[in-house]
Amino acid sequence: MSVKAKKKFDISNHTAVLSSLIAILGGLIIAFLVLVLTNPSKGVPAFTTLITGGFQMGGMKNLGTLFYFATPILCTGVAMCVAFQAGIFNIGGPGQYSVGALAAILTSLYFSKDLPAPLTWVVPLLVSILAGAVWALIPGILKAYFNVNVVIGTIMFNYIEMYYMMHWINDYCYDAMKGQTRAIPAPCKLPQWFMPALTQNKSADIGIIIAIIVAVLCWVLMEKTELGYELKACGKNADASKYAGIKSKRNIMISILLSGALCGLGGGLTHLSVSGTYITMKEALAAEGFNGIAVCCLANNSPLAAIFGALFLAFLTVGGNYMQIFGFQREIVSVITSVIIYFAAFSLFLKQMLEKALNRQKKEVNKVTGEELK
């Protein structure tokens, strides 16, 4: 086979990327139409601000804001990638994220603030990871040992968390004057290192670096280790993997515990950030948990690609902060994100069509090459 033919077939390795790009492009086209039809005079400048992330208005300072918004959804996005590849549809991201956040806050307020550095922030972060995993434990047990639908189990635990969260906050860390959780002690916040100089934002910290490292490690786990192979095998065909001797119950537990731990990490990184994030007393599920599913869809279940998916959605969020200047509500970004996810679902179908077409073409070339060899 010629070098030219080989290069031609290399595109088959990039159908997932192509399908995600089509989803993003389709979503942005719909966003443009919505903005222009809603307000013709302001639609074009609003769309320009949106797709440039507001950088032409806020400058490099927005880079720190971009990293801040990307950090939690990268963690929850990678969590969903790991679970979905293992065939576990963990929809409990909001609850696991919030439990991890509250665990980090309580640990900082009552325990780690008196520890020597860097344990002041490392210990709350580790506790947030543990809390997220523990919160995912019961739905995991119900799925692994009683075959309870994991979607129903994790969704119900979201609401259990939401109502218990208000009780825990009110009893242990509520600031009645501000109507939110008490401020994290300064020693317990994430270190900043070189991030303020890099982003020209005084509130930037190393949260995004930790999230990216975790994403890379999860990619290595899923793609380069025996455990990752077993998790993916169970996700593709649980019956066949069981026949091959792979312990399905163990893998269900590992995948959902790891997914919950990553969501908890996202909550910990957010609420230990230098930006000073608080939990308010309101009945609402954490949007970061659901946005992780969006990141996962754009990344086609790849933890490595989730880095770019999280940065892209954060980029839109930063641009969306300027929408009110043009007479639009910030929620327009949620509409755009939803449209992109719908296109992402369609892009999976497109990906399958592209792969089938490439496989047919490859068979034809192989047939011609075989005849030439004869």
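For segment 107-148 versus segment 19-55, the inter-centroid distance based on Cα atoms is 39 Å. Considering only T277, S98, S255, the residue lying farthest towards the positive end of the dipole of segment 61-321 is S255, judged by Cα position with unit charges set on Cβ. Pairs from the table (K249/K362; K242/K367; K232/K367; K232/K362; K249/K356; K249/K351) lying more than 28 angstrom apart at Cα are K249/K362; K242/K367; K232/K367; K249/K356; K249/K351.
As a rough footprinting exposure proxy, the listed residues R250, R360 were ranked by other beta carbons within 10 Å of their own, and the order from fewest upward is R360, R250.
When peptides 148-155, 39-46 are sorted by average Cβ neighbour count within 10 Å, with the highest value leading, the order is 148-155, 39-46. Would you please classify the overall shape of segment 7-98 from the alpha carbon gyration tensor, given that a ≥ b ≥ c denote the square roots of the eigenvalues, rounded means a/c under 1.5, and beyond that prolate means a/b larger than b/c while oblate covers the rest? Oblate, because a/c is 1.5 or more while a/b does not exceed b/c. Sorting D205, D114 from the fewest to the most surrounding beta carbons within 10 angstrom yields D114, D205.
In terms of its C-alpha gyration tensor, segment 219-374 comes out oblate, because a/c is 1.5 or above while a/b does not outweigh b/c.
Connecting C-alpha atoms closer than 10 Å in a GNM of the chain, tell me which of I169, I212, I160 has the biggest fluctuation. Taking springs between Cα atoms under 10 Å, the residue moving most is I160. Neighbour counting of Cβ atoms within 10 Å sorts the residues E288, E364, fewest neighbours leading, into E364, E288. Of the peptides 277-285, 58-66, 262-270, the order by per-residue mean of other Cβ atoms within 10 Å, starting with the highest, comes out as 262-270, 58-66, 277-285. Annotated for segment 62-213: lysine pairs at least 8 residues apart or interchain, Cα distance under 30 Å, count 6. Let a ≥ b ≥ c be the square roots of the eigenvalues of the Cα gyration tensor of the chain; is it rounded (a/c under 1.5), or, if not, prolate (a/b larger than b/c) or oblate? Taking the square roots of the gyration eigenvalues as a ≥ b ≥ c, the chain is oblate.
We did not get these values from a lab; they are worked out from the coordinates using the rules stated. Because the structure is predicted, anything quoted here is derived from the model rather than measured. A quick note on method: Cβ atoms are made from the backbone with ideal geometry, for glycine too, and the neighbour counts reach across all protein chains shown.
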